[in-house]
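Undergrad: Once you've had a glance at the structure underneath, I'll fire off some questions.
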There are 2 protein chains.
Amino acid sequence: MKTIGRHLIAEFYGCDAAITGDIEAIRQHLNAAAEIVEATVVGEAYHRFEPDGVTGVVLIAESHLSIHTWPSRGYVAVDIFTCGGLDPRPGCELLAAAMGAERLRYQEIVRGLPDEISGDTTLLPDDVLVMTELGQARKLR
Amino acid sequence: MKTIGRHLIAEFYGCDAAITGDIEAIRQHLNAAAEIVEATVVGEAYHRFEPDGVTGVVLIAESHLSIHTWPSRGYVAVDIFTCGGLDPRPGCELLAAAMGAERLRYQEIVRGLPDEISGDTTLLPDDVLVMTELGQARKLR
């Protein structure tokens, strides 16, 4: 397995509290996200908070997917870290749609050994994309 | 709980394979990292790969800590996402020392609702710190 990976960090806004507060729904959607990125699931953990909020992670052979929800704020924090050549973006798109997100932003960070990234240069900002809408990326600098 | 959080993304290089390949050691150190950042643990999951490599996550009331190790490459990928005003850096420093990291780099991303960050401006690059050594940060731009 190559160490180089893509770590997608996403914020979803205006999400549907009926979904984001439902631990079983979160579990199903996070597993669907793992499946759509063609990851191999090797573990998982979930927790529901009182009065509301769900947190969960799926461990995959290629790293992890995590989700943390604040239903009363409409906010969901997602990160999908994939090594082994997998593309994390379809997983993010699936989750944004499943949570009923009205707006989102995401950024992607390249991770791994220096020689696999770009000759030991900094990871930022050239290796980071900031996305303001699904399907539209702009490169910093 | 405020939604605003700090997400520290770290790469450790030159780590000790005897530690990074030991799932029990990883579990102990990740829990110690959760403790030093004063987080409340609410769940966990771990997996050991063949021929080597360990992946693990601790769910905390304030989000999560994750670790993925490539013992034969000396590489460890860590991320610590803390909401609720917790500082993730002591956890990163503890893990770097525990893994015997010779070099590391880390960056920190501010996450949360737009009005809690900076009036709906982009998260990057002003909200990101890139650290090249422990204790030394430089702000991009």
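Undergrad: Would you confirm, using the coordinates I've provided, whether B:Gly43 is open to solvent by less than 30 Å² (accessible area, probe 1.4 Å) and small (Gly, Ala, Ser)?
TA: yes
Undergrad: Quick test for you: out of A:Val37, A:Val41, A:Val54, pick the one residue that is without any contact (Cβ under 8 Å) to a residue 40 or more places away in the chain and within 20 Å of A:Thr82 (Cβ to Cβ).
TA: After ruling out the rest, the residue left standing is A:Val41.
Undergrad: Could you check the stretch B:66-82 and list, in sequence order, the residues that are farther than 20 Å from A:His68 by Cα, buried (at least 18 other Cβ atoms within 10 Å of the Cβ) and touching a helix residue (DSSP H, G or I) at 6+ places or on another chain (Cβ under 8 Å)?
TA: B:Thr69, B:Trp70, B:Pro71, B:Gly74, B:Val76 - these are the residues of the stretch B:66-82 that are farther than 20 Å from A:His68 by Cα, buried (at least 18 other Cβ atoms within 10 Å of the Cβ) and touching a helix residue (DSSP H, G or I) at 6+ places or on another chain (Cβ under 8 Å).
Undergrad: Right, another one. If A:Asp52 meets every condition in (1) touching a Ser or Thr at 6+ places or on another chain (Cβ under 8 Å); (2) assigned to a strand (DSSP E or B) apart from one, which number is that one?
TA: (2)
Undergrad: For A:Ala45, are the conditions met, namely being on the phi < 0 side of the Ramachandran plot, facing chain B (nearest Cβ under 8 Å) and in contact with a Ser or Thr (Cβ under 6 Å, 6 or more places away or on another chain)?
TA: When the stated conditions are applied, A:Ala45 does not pass them.
Undergrad: Could you run through the stretch B:83-94 and say how many residues are assigned to a helix (DSSP H, G or I) and open to solvent by 20 Å² or more (accessible area, probe 1.4 Å)?
TA: 4
Undergrad: Of all residues in the stretch A:21-40, which are under 15 Å from the mean Cα position of the chain (by Cα) and within 14 Å of chain B (Cβ to nearest Cβ)?
TA: Passing the criteria: A:Ile26, A:Arg27, A:Leu30, A:Asn31, A:Ala34, A:Ala39.
Undergrad: Now, a different point. May I ask you to say which residue of B:Ala17, B:Ala97 is of a type in the set (Gly, Ala, Ser), without any contact (Cβ under 8 Å) to a residue 40 or more places away in the chain, out of contact with any Leu (no Cβ under 7 Å at 6 or more places or on another chain) and surrounded by fewer than 21 Cβ atoms within 10 Å (Cβ to Cβ)?
TA: B:Ala97
Undergrad: Please enumerate the residues belonging to the stretch A:103-126 that are assigned to a loop (DSSP other than H, G, I, E, B) and either modelled with pLDDT of 90 or more or open to solvent by less than 40 Å² (accessible area, probe 1.4 Å) (or both).
TA: Matches in the stretch A:103-126: A:Gly112, A:Leu113, A:Leu123, A:Leu124, A:Pro125.
Undergrad: In addition: Filter the stretch B:1-14 for residues that are over 23 Å from A:Gly5 (Cα atoms) and surrounded by fewer than 17 Cβ atoms within 10 Å (Cβ to Cβ); which is modelled with the lowest pLDDT?
TA: B:Met1
Undergrad: Would you be able to tell me the number of residues in the stretch B:63-77 that are within 9 Å of chain A (Cβ to nearest Cβ) and not in a strand (DSSP E or B)?
TA: 2
The values are calculated or read from the model by the stated rules, or taken from the named source; none is laboratory data. Computed from a prediction, not measured in an experiment: that's the story for all the values here. Every residue, glycine among them, receives a Cβ derived from its backbone with ideal geometry; neighbour counts consider all protein chains shown. These area figures cover heavy atoms from the full protein model, side chains too; ligands, DNA and RNA do not enter into them. Shrake-Rupley method; radii C 1.70, N 1.55, O 1.52, S 1.80 Å.
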